[in-house]
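Input: a single structure, listed below in structure tokens.
What follows is calculated from the coordinates using simple rules that are stated; it is not laboratory data. Since we're looking at a predicted model, the values are computed, not measured. So basically every Cβ, Gly included, is an ideal-geometry build from the backbone, and we count neighbours across all protein chains shown.
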Amino acid sequence: MAVHLSHELRGTALIVRVGGEIDHAVAEEVRDYLDTWLRRSGARHLVLNFSELEFMDSSGLGVILGRYRRLAPDGGRIVVCGVNPTVHRMFELSGLYRIVSAAADEDAALAELGVA
């Protein structure tokens, strides 16, 4: 299965909707997509909507960590939403929730970022 990506800019936040699977075979594609649209949009924050994500391995964690390192020095934040129980557990075990926030949906994520 492939990964499906779409995006929308809302204020200073880039919302990226991710569907399918993120594994080592598509991690570079996801990384390039995020970097391209963060640069083009000038967004300060990133919301990752995983409500259509079926699977993610550790390479997906690496992609998220890399975007955090890019955004954090300028005060940018990452909020994830729609995380399924398996991915949620991986985020907990890896400690990713120490640097990335979780929200129920896109509206809650934007509210947490102060982007309405």
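The residue pairs whose first member lies in segment 26-41 and is within 20 Å of residue 54 (Cα to Cα), whose second member is in a helix (DSSP H, G or I) and among the β-branched types (Val, Ile, Thr), and whose beta carbons are closer than 6 Å, counting only pairs six or more residues apart or on different chains, are 27/63; 30/63; 31/63.
Tally up the residues in segment 72-116 that are part of a strand (DSSP E or B) and either at positive phi or hydroxyl-bearing (Ser, Thr, Tyr) (or both), please. Give the derivation first.
Initially, segment 72-116 is screened for residues part of a strand (DSSP E or B), giving 78-81, 101-103.
Adding the requirement that they be either at positive phi or hydroxyl-bearing (Ser, Thr, Tyr) (or both) leaves 101.
Of the residues in segment 72-116, 1 are part of a strand (DSSP E or B) and either at positive phi or hydroxyl-bearing (Ser, Thr, Tyr) (or both).
Table: residues versus (1) surrounded by 15 or more Cβ atoms within 10 Å (Cβ to Cβ); (2) touching a residue at least 60 places away in the same chain (Cβ under 8 Å); (3) farther than 17 Å from residue 10 by Cα; (4) touching a Lys or Arg at 6+ places or on another chain (Cβ under 6 Å).
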residue: 53; (1), (2), (3), (4): yes, no, yes, no
residue: 58; (1), (2), (3), (4): no, no, yes, no
residue: 63; (1), (2), (3), (4): yes, no, yes, yes
residue: 69; (1), (2), (3), (4): no, no, yes, no
residue: 78; (1), (2), (3), (4): yes, no, no, no
residue: 111; (1), (2), (3), (4): no, no, no, no
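Screening residue 69 with (1) within 21 Å of residue 92 (Cα to Cα); (2) touching an Asp or Glu at 6+ places or on another chain (Cβ under 9 Å) gives one miss only, at (2).
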